[in-house]
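> Let me begin by handing over the structure; questions about it come next.
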Amino acid sequence: MNRHVANSFRLLPVAAVLAAGAALAPAASAAPAKPVKPASTIRLADNPYQRGPAPTEASVTAEKGPFAIETIPVPAGSGTGFNKGTIYAPTDLSQGTFGAIVVSPGFVSPEAWISWYGPRLASQGFVVMTLETNSLVDVPAARGDQLLAGLDWLTGKSSVKNRIDTSRTAVMGHSMGGGGTLEAANKRPSLKADIPLAPWDTNYNFPNIATPTLIMGADNDFIAPASSMAESYYNNIKTAPEKAYLLLKNAGHMTFVSPNTTIAKYSIAWMKRFVDNDTRYDQFLCPAPKPDAGIAKYLDTCPNG
């Protein structure tokens, strides 16, 4: 077994300690339902998938985007192949339907720890579902299957299915959920984007990934060491049309479970660029971002370059 992977196995109990000792965020609750505006007067842009105003540095770093959203609990048993979760969905369909994103938490991590991605992404013009995994100790491959099962239910059977363009879907996840993200993208090349966050997986072989992939790691991550995991996965992906690797500066494995401007900015830009095919977001991705207070390293192929 690779020495770094072996070290990561030994460090898994550290994740359990972190999980047990951290205070859980309160479970998401249903917000009062807001009227959904019909898509009867859709405004078509040159790019029919473009949603929202022209982006700025302020808009991609803001805690809330331009779309009002509602929160819808997804009880256990709602669908097959996944446990339960929470939907965050824009209520205004006057610009058309939206791409869909499903997010998985990591090893011994509850949904609450990745819940912040829901409203952050949805308010930028996506239908997002955050998952509670079947088991807190599910391996990456199982998490990948759950991401795809959740995505199929969200786009095909959920109460917001009519707000979704089923041809534009994406997945993301943290830790073993990040490994699950890679597994899901390898299994379903039709995905438009995937973002593994501090991914952990003993599998390094993803020959079928044909999805624009943004992998994020942390320079002080001792659970999923970035050099032997996140960056190695990036280097091993040969078939993605576009890929990027962002190494957070002065960050650790658990940095990803709390709101973070750098994580949000590049997640939004990547999803908008590849799920919505919105080239207005190229400005944040190409030329490649330079190291700064939040970024230690950035590798990429640049959009369409």
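> If you check every pair at least six apart or on different chains, which have Cβ atoms under 6 Å apart with a residue in region 139-150 that is under 13 Å from residue 79 (Cβ atoms) first and a residue that is in a helix (DSSP H, G or I) second?
147/180; 147/184; 148/184
> Let me ask another. Any residue at all in region 183-192 that is without any contact (Cβ under 8 Å) to a residue 12 or more places away in the chain and over 21 Å from residue 277 (Cα atoms)?
No, there is no match, as no residue in region 183-192 is without any contact (Cβ under 8 Å) to a residue 12 or more places away in the chain and over 21 Å from residue 277 (Cα atoms).
> Still on this model: Filter region 196-207 down to residues that are more than 19 Å from the chain's Cα centre (by Cα) and not β-branched (Val, Ile, Thr) and give me whichever is most open to solvent (accessible area, probe 1.4 Å).
Filtering region 196-207 for residues that are more than 19 Å from the chain's Cα centre (by Cα) and not β-branched (Val, Ile, Thr), the one most open to solvent (accessible area, probe 1.4 Å) comes out as 205.
For every residue, the table says whether it meets (1) in contact (Cβ under 8 Å) with a residue 40 or more places away in the chain; (2) open to solvent by less than 10 Å² (accessible area, probe 1.4 Å); (3) more than 28 Å from residue 168 (Cβ to Cβ); (4) assigned to a loop (DSSP other than H, G, I, E, B).
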site	(1), (2), (3), (4)
238	no, no, no, yes
244	yes, yes, no, no
266	yes, no, no, no
281	yes, yes, no, no
287	no, no, no, yes
296	yes, no, yes, no
299	yes, no, no, no
302	yes, no, no, yes
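> Considering only residues that are under 16 Å from residue 189 (Cα atoms) and under 15 Å from the mean Cα position of the chain (by Cα), which ones fall in region 210-263?
Selection gives 211, 212, 213, 214, 243.
> For region 65-72, check the following and say yes or no: at least one residue is touching a helix residue (DSSP H, G or I) at 6+ places or on another chain (Cβ under 6 Å), among the small types (Gly, Ala, Ser) and in contact (Cβ under 8 Å) with a residue 24 or more places away in the chain.
No, there is no match, as no residue in region 65-72 is touching a helix residue (DSSP H, G or I) at 6+ places or on another chain (Cβ under 6 Å), among the small types (Gly, Ala, Ser) and in contact (Cβ under 8 Å) with a residue 24 or more places away in the chain.
> Right, another one. So, in region 53-90, how many residues would count as being open to solvent by less than 60 Å² (accessible area, probe 1.4 Å) and more than 15 Å from residue 128 (Cβ to Cβ)?
Number satisfying all stated conditions: 9.
> Determine whether region 215-225 contains at least one residue that is among the small types (Gly, Ala, Ser), open to solvent by less than 10 Å² (accessible area, probe 1.4 Å) and over 14 Å from residue 266 (Cβ atoms).
Looking for residues that are among the small types (Gly, Ala, Ser), open to solvent by less than 10 Å² (accessible area, probe 1.4 Å) and over 14 Å from residue 266 (Cβ atoms), one finds at least one in region 215-225, hence yes.
Let's see how each residue does on (1) among the polar types (S, T, N, Q); (2) open to solvent by 10 Å² or more (accessible area, probe 1.4 Å):
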| position | (1), (2) |
| --- | --- |
| 95 | yes, yes |
| 107 | no, yes |
| 112 | no, yes |
| 135 | yes, yes |
| 150 | no, no |
| 166 | yes, yes |
| 173 | no, no |
| 182 | no, no |
| 190 | yes, yes |
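The values are calculated or read from the model by the stated rules, or taken from the named source; none is laboratory data. This is a predicted model, so every value here is computed, not measured. When we count neighbours, we look across all protein chains shown, and the Cβ atoms used for this are built from the backbone with ideal geometry, even at glycine. Only protein heavy atoms, including side chains, enter the accessible area calculation; ligands, DNA and RNA are left aside. Shrake-Rupley method; radii C 1.70, N 1.55, O 1.52, S 1.80 Å.
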